[in-house]
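Structure, as structure tokens:
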Amino acid sequence: MSRLVSAVASRLVIIVPYVWLLFFFLVPFLIVFKISLSDLAISMPPYTPALDGLRDFFARLGEFDFENFKLLMCDLLGYIGVGGGLCDSGFAADFYKRPYLSVAYISSLKIAFVATILTLLVGYPIAYGMARAPQSLRTMLLMLVILPFWTSFLIRVYAWIGILKPEGLLNQFLFMLGLIDDPLIIMNTNTAVYIGIVYSYLPFMVLPLYATLEKMDYSLIEAAQDLGCPPLSAFWKITFPLSLPGVVAGCLLVFIPAVGEFVIPDLLGGSRTLMIGKTLWSEFFNNRDWPLASAVAIILLLILVVPIMFFQRAQARAQA
């Protein structure tokens, strides 16, 4: 009887995460995909449903024109300057002549990549210092890293407006020290977006790095130093390679949400910062083009998920 209860409990432990993913990831994904196949309409909601149910989807699969995905392809062709034979009329020609979605994708990937590298450069020393700190101080240091999560994300981003604006705290402090004569223009620039992303997502980088570094066997470094290896060389040959799982986990936890970030570029970047999250919001609520916005979201998800799947498969093969 105890074996049966144990087997059922182990199955439930596995089933619960899959049920969660089914209802809160797969089902919303299918709903968005369904909307992406629909046509724009002046109604509420602002689209004409393309199908009813899964059976209708497979029955009419050959009838769908995937028009919204075609518009995205024309936007990409116009961005890279390749001849667009499919983009010679209607909205497709407009997207080919004035591509902006591809610019938003590329800008989002670039900003997220640079912000992830900056977060790694800031977070690694913090995590390393926490891992090497006395055992009695580690809990307090962890609490200090987690403490920002106790306040609203929106309030924390708004606080940076008061710091970075021309008459803000940062410029006042630099004026007081006599380091500048004119205020620094940081608000409504990519620099402000980088600062906001690094600050907001720093705990996501520090925590996996700390978990990896805290478990590392530091006697390996002592052995390397006994053999004449300089401290910097020992770090690059021993510490950093052993911490790579934490580096990868932290980079993914920062990069993935940063690509689709909306609040930070909207509040700190202003109108001149183009990211795909702001573009999605504009398509959904300003242009009310739900089908195109859904197609943009589907492509963004594929851009993020597919490379991660290949990376995880390569990692599994390397460890086998």
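The values are calculated or read from the model by the stated rules, or taken from the named source; none is laboratory data. As the structure is a computational prediction, the values presented were derived from the model and not from experiment. Methodologically, a virtual Cβ is constructed for each residue, glycine included, from the backbone with ideal geometry; neighbour enumeration extends over all protein chains shown.
State yes or no: is Pro125 surrounded by fewer than 18 Cβ atoms within 10 Å (Cβ to Cβ), part of a helix (DSSP H, G or I) and not acidic (Asp, Glu)? In short, yes.
The criterion of being modelled with pLDDT of 85 or more, within 24 Å of Phe33 (Cα to Cα) and surrounded by 19 or more Cβ atoms within 10 Å (Cβ to Cβ) does not hold for Trp281.
Which residue is surrounded by the most Cβ atoms within 10 Å (Cβ to Cβ), if the candidates are limited to the range 146-166 and must be farther than 17 Å from Gly269 by Cα and not hydrophobic (A, V, I, L, M, F, W, C)?
Pro148
Identify, by number, the condition in (1) at pLDDT below 80; (2) surrounded by 17 or more Cβ atoms within 10 Å (Cβ to Cβ) that Tyr79 doesn't meet. Every listed condition holds for Tyr79 apart from (1). Would you mind stating whether Met187 is over 30 Å from Gly269 (Cβ atoms), outside any helix (DSSP H, G or I) and within 32 Å of the chain's Cα centre (by Cα)? No; evaluated as a whole, the condition is false for this residue. The set of residues from the range 214-255 being in contact with a Lys or Arg (Cβ under 8 Å, 6 or more places away or on another chain) and closer than 18 Å to Gly123 by Cβ comprises just one member, Glu214.
Filter the range 248-264 down to residues that are in a helix (DSSP H, G or I) and under 8 Å from the mean Cα position of the chain (by Cα), then give me how many there are.
Going through the range 248-264 one residue at a time, the tally reaches 8.
In the set Ile117, Ile111, only one residue is free of Cβ contacts under 8 Å to residues at least 12 places away in the same chain and under 23 Å from Arg272 (Cα atoms); that residue is Ile117. The residue that is surrounded by the most Cβ atoms within 10 Å (Cβ to Cβ), among those in the range 209-242 that are part of a helix (DSSP H, G or I) and of a type in the set (Phe, Trp, Tyr), is Tyr210. Which residues, counting only those in the range 290-320, are surrounded by fewer than 20 Cβ atoms within 10 Å (Cβ to Cβ) and farther than 22 Å from Lys110 by Cβ? Scanning the range 290-320 gives Met309, Gln312, Arg313, Ala314, Gln315, Ala316, Arg317, Ala318, Gln319, Ala320. Between Leu26, Leu30, the distinction of being at pLDDT 80 or above and in contact with a Leu (Cβ under 9 Å, 6 or more places away or on another chain) belongs to Leu30 only. Of all the listed residues (Leu179, Leu174, Leu147), the sole one being free of Cβ contacts under 8 Å to residues at least 12 places away in the same chain and outside any helix (DSSP H, G or I) is Leu179.
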